[in-house]
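J.: Please find one structure pasted underneath; my questions will follow.
The values are calculated or read from the model by the stated rules, or taken from the named source; none is laboratory data. Keep in mind the model is a prediction, meaning the values are calculated, not measured. With ideal geometry, Cβ positions are generated from the backbone for all residues, glycine too; neighbour counts draw on all protein chains shown.
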Amino acid sequence: MVKILLVTPVSPFTWASGSQQRSGLMLEALRLFGEVDILQLAHGSVTQAVKVQEAGHWKVEATVKGADWTWSRYRPKPEVTRLIESSLGCDLGQYALIVGRYVWPVCQLVVPETTPVIVDLDDFCYRVEKDAPVSLLAAKDGLLKRIAAYGMRRQLGRFSAAFFASAMDQREAPPIASSVLPNIPNWRAVPHKATSKLPPPQSLSADRAGPTVLFVGSLWYRPNAGGVNWFLNAVWPTILAQIPDANLVLAGAAPELARKTWERHPNVTAPGFVDDLAQAYANANLVVVPLLAGGGTNIKILEAMAFERPCLVTRFCHAVFAEQFEKGVDLYVADSASDFAAKAVVCLKSPQIQGQIAKSGRLAVERFFSEDQFNAVVQATVSRVLAESSAAASRSACVAS
């Protein structure tokens, strides 16, 4: 059994976001190798490190003062490292392996050369569809993301191996020993996991005035909000013209002003954060993901398909899943605003089509995106890195003797 340090900017015990869920899954996979200490490291108003308990588990919570956007943000910080080691109760050299969720947090540490580090490059590439609406804020976001990506690429030589969330991200990176570790839906929140299916869509919508379209996502995140704005302006009016009683629910935390603005559109509700996400999916005849910019793998697509809801996405979103999901079979993919509206109408008017694509999508997610597959990738990579580290230590010992 080995001793491992997991460095993450978010809690691995509270699965309120995709980032937290991935950190939690990583923790569980690493615990199969031995004892795992947790360092939750983020920006803050002061530089400090304290040992705290969460969900019955100990972890060290540390903050680094400020949010430096220069290249120095990736420079190891001896003062921060000493504070963290004091709270951990051991030197970093006592760990057989350090695993970092994202580049920035693990780059803050002064890691001994003999200690291997694996970095998880979730959200490595920020992409923008050529048809995406142009704005100064979106352009600023894109520029900052590209600068961050350039900075991350420059750090990859410091790591023994890396995880990428998609094959697309992996292809964009410089040469490094790496594995594709896809994001997976939160299966523990999915009713009737794996062995039985949810009720057919037609029975779920029978008690409502009209069919319901659902979007789920953090709406303070600009690519999500931008996708919703595009959908409301370019797609939703066409859908309502053919299905006047259709309803649109925008579920996800958002500024109150934005929610009020969206609800001015006909038949639109924006309730904000939804406590019972399973029920929100159960009430939906169609889940839409109209994103035209962003990074990562859009876990919201996998989540909707795991809940056995028919899903309609842009070609921008589907590009990440092109090798796993077949267009028109596992999910709908739209090439333009008019195509998006046309496919939404076809699906909403046909409960049979809703059921067929929902079942096929659920099976595809089970086939390619399971916790077992996640664990297998982590275990294979960690085993290889630990073996290489052990071999290197043996060679050094032989030379020294």
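J.: Tell me, please, whether a residue that is assigned to a helix (DSSP H, G or I), surrounded by 15 or more Cβ atoms within 10 Å (Cβ to Cβ) and of a type in the set (Lys, Arg) can be found in the range 69-82. Steps first, please.
T.: We begin by selecting, within the range 69-82, every residue assigned to a helix (DSSP H, G or I); these are 71-74, 78-82.
So of that shortlist, the ones also surrounded by 15 or more Cβ atoms within 10 Å (Cβ to Cβ) come out as 73-74, 80-81.
When the remaining residues are screened for being of a type in the set (Lys, Arg), the result is 73.
For the range 69-82, residues assigned to a helix (DSSP H, G or I), surrounded by 15 or more Cβ atoms within 10 Å (Cβ to Cβ) and of a type in the set (Lys, Arg): present.
J.: Same structure again: Give me a count of the residues in the range 310-324 that are of a type in the set (Phe, Trp, Tyr) and within 12 Å of PHE368 (Cβ to Cβ). Can you show your working first?
T.: Within the range 310-324, the subset of a type in the set (Phe, Trp, Tyr) is 316, 321.
If we keep only those that are within 12 Å of PHE368 (Cβ to Cβ) too, we end up with 321.
Counting residues in the range 310-324 that are of a type in the set (Phe, Trp, Tyr) and within 12 Å of PHE368 (Cβ to Cβ) gives 1.
J.: Suppose we filter ALA322, ALA387 for residues that are out of contact with any helix residue (DSSP H, G or I) (no Cβ under 9 Å at 6 or more places or on another chain), on the phi < 0 side of the Ramachandran plot and at pLDDT below 95; which single one remains?
T.: Values: ALA322 fails: out of contact with any helix residue (DSSP H, G or I) (no Cβ under 9 Å at 6 or more places or on another chain).
None of the other options fit; the residue is ALA387.
J.: Residues GLU85, GLU79, GLU61: which one is more than 22 Å from PHE159 (Cβ to Cβ), without any contact (Cβ under 8 Å) to a residue 24 or more places away in the chain, among the acidic types (Asp, Glu) and in the same structural domain as ASP123 (by TED's automatic domain parsing)? Break it down into steps so the answer makes sense when it comes.
T.: Values: GLU85 fails: more than 22 Å from PHE159 (Cβ to Cβ); GLU79 fails: without any contact (Cβ under 8 Å) to a residue 24 or more places away in the chain.
None of the others qualify; the one that does is GLU61.
J.: Report, by residue number, each residue of the range 260-281 that is among the hydrophobic types (A, V, I, L, M, F, W, C) and either outside the structural domain of ILE301 (by TED's automatic domain parsing) or over 22 Å from the mean Cα position of the chain (by Cα) (or both). Give the derivation first.
T.: Restricting attention to the range 260-281, the residues satisfying the condition of being among the hydrophobic types (A, V, I, L, M, F, W, C) are 262, 268, 270, 273-274, 277-278, 280.
Within the range 260-281, TRP262, VAL268, ALA270 qualify.
J.: Under the condition of being out of contact with any Leu (no Cβ under 6 Å at 6 or more places or on another chain) and either surrounded by fewer than 18 Cβ atoms within 10 Å (Cβ to Cβ) or of a type in the set (Phe, Trp, Tyr) (or both), which residue from the range 360-370 is nearest to LEU312 (Cα to Cα)? Reasoning before the result, please.
T.: As a first pass, look at the range 360-370 and keep what is out of contact with any Leu (no Cβ under 6 Å at 6 or more places or on another chain): 360, 362-364, 366-368, 370.
Still in the running and either surrounded by fewer than 18 Cβ atoms within 10 Å (Cβ to Cβ) or of a type in the set (Phe, Trp, Tyr) (or both): 363, 366-368, 370.
Details: LEU363: 16, GLU366: 18, ARG367: 20, PHE368: 19, SER370: 22 Å.
Per the criteria, the residue is LEU363.
J.: Pull up the range 330-348, narrow it to residues that are surrounded by fewer than 15 Cβ atoms within 10 Å (Cβ to Cβ) and either in contact (Cβ under 8 Å) with a residue 40 or more places away in the chain or not assigned by TED's automatic domain parsing to the domain that holds GLY227 (or both), then point me to the one that is nearest to the chain's Cα centre (by Cα).
T.: Residue satisfying both the conditions and the ranking: SER336.
J.: Taking the conditions exactly as written (under 20 Å from PHE325 (Cβ atoms), surrounded by 21 or more Cβ atoms within 10 Å (Cβ to Cβ) and touching a Lys or Arg at 6+ places or on another chain (Cβ under 6 Å)), does ALA284 satisfy them or not?
T.: Values: under 20 Å from PHE325 (Cβ atoms): yes; surrounded by 21 or more Cβ atoms within 10 Å (Cβ to Cβ): yes; touching a Lys or Arg at 6+ places or on another chain (Cβ under 6 Å): yes.
Yes: the conditions hold for ALA284.
J.: Could you list, in sequence order, all residues of the range 38-57 that are crowded, with 18+ Cβ neighbours inside 10 Å and out of contact with any His (no Cβ under 9 Å at 6 or more places or on another chain)? Working first, answer last.
T.: Of the range 38-57, the ones crowded, with 18+ Cβ neighbours inside 10 Å are 38-41, 49.
If the condition is that a residue be crowded, with 18+ Cβ neighbours inside 10 Å and out of contact with any His (no Cβ under 9 Å at 6 or more places or on another chain), then LEU39, GLN40, LEU41, ALA49 are the ones that fit.
J.: Hey, could you check the range 258-275 for residues that are assigned to a strand (DSSP E or B) and touching a helix residue (DSSP H, G or I) at 6+ places or on another chain (Cβ under 7 Å) and say which is farthest from LEU232 (Cα to Cα)? Even if it seems obvious, please write down each step before you answer.
T.: Start the filter on the range 258-275 by keeping residues that are assigned to a strand (DSSP E or B), which leaves 268-272.
Among the residues that remain, those that are also touching a helix residue (DSSP H, G or I) at 6+ places or on another chain (Cβ under 7 Å) are: 268, 270, 272.
On the way: VAL268: 9, ALA270: 12, GLY272: 17 Å.
Here the residue is GLY272.
J.: Can I ask one more? State whether one or more residues within the range 229-249 are within 30 Å of PHE163 (Cβ to Cβ) and in contact with a strand residue (DSSP E or B) (Cβ under 7 Å, 6 or more places away or on another chain). Outline the logic, then answer.
T.: From the range 229-249, those within 30 Å of PHE163 (Cβ to Cβ) are none; that's our starting set.
The answer is no; no qualifying residue exists.
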